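What follows draws every value from the coordinates through simple rules; no lab data is involved. Here the structure is a predicted model, which is why all the values come from computation and not from measurement. Every residue, glycine as well, gets a Cβ built from its backbone with ideal geometry; the counts of neighbours run over all protein chains shown.
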Amino acid sequence: MTRHGLRRISSSRRFVLDGKPVLVSTSYLPAGLVAGSAITQEDTGPGGTYARLAELGYKPVHFREEIRCRMPSQEEATRLNLSLGTPVNMICRTAFADEGRPAEINEMVLNSASYILEYDFDA
């Protein structure tokens, strides 16, 4: 499966807080770059994916996020233990390395009742 030229290299992950699923996440990375690296392992090691990208010369230096509120798909509702009428937040984060090279696209689906999204920036 591809997303904006990046290949999905790992299965979705589900994050649980106090026994309740709150987020599912899927990462897409440059397949040729990460093939055979620790990024393709279930445990990517200290510092996670971004540390491994830095070791490969793709250190993220800029991020862009797109945020949407919507109803979950059947699969998302099942994985998050939600009814189909419960809204979710979808965050699509693109991590860029030097010279604007996309290093990762991460799609996160959040149980909207479990998160407060807060942003602080200058005008």
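What's the local net charge at Asn89, with K and R +1, D and E -1, over the other residues with C-beta under 14 Å away?
Numbers: positive: Arg68, Arg70, Arg93; negative: Glu65, Glu66, Glu76, Glu107, Glu118.
That sum, taken over residues with Cβ under 14 Å, equals -2.
Sequentially through region 27-44, phi angles give Karplus couplings (6.51, -1.76, 1.60; θ = phi - 60°) of 10, 10, 9, x, 4, x, 6, 9, 4, x, 8, 5, 4, 7, 8, 4, 9, 6 Hz, Gly and Pro residues having no value and appearing as x. Grab the DSSP H runs of the chain that are 4 residues or longer, score each as -39,500 (n - 2.57), total them, divide by all residues and round the 222 nm result to the nearest 500 deg cm²/dmol. Counting only the DSSP helices, I get -3500 deg cm²/dmol. Computed about its Cα centre, the charge dipole of the chain is approximately 400 debye, with only Lys, Arg, Asp and Glu carrying charge at their Cβ. Measuring nothing but how far apart in sequence close Cα pairs (under 8 Å, 6+ apart) lie, relative to its length, the chain scores a relative contact order of 25 percent. Between Cys92, Ala113, Gln74, the Cα set farthest toward the positive side of the dipole of region 57-123 (charges on each charged residue's Cβ, about the Cα centre) is that of Gln74. With a cut-off of 8 Å between alpha carbons and a minimum separation of six or more residues, what is the relative contact order of region 9-64 in percent? This gives 23 percent for region 9-64. Spin-label pair Ser114-Ser73: with each label point 7 Å from Cα along the Cα-Cβ axis, the two points sit 1.8 nm from one another. When mean projected area of the Cα convex hull in nm² is calculated for this entry, the matching label among (1) 9.1; (2) 7.8; (3) 12.0 is (1). Among residues other than Leu80 with Cβ under 11 Å from its Cβ, the summed charge is +1 (Lys and Arg +1, Asp and Glu -1).
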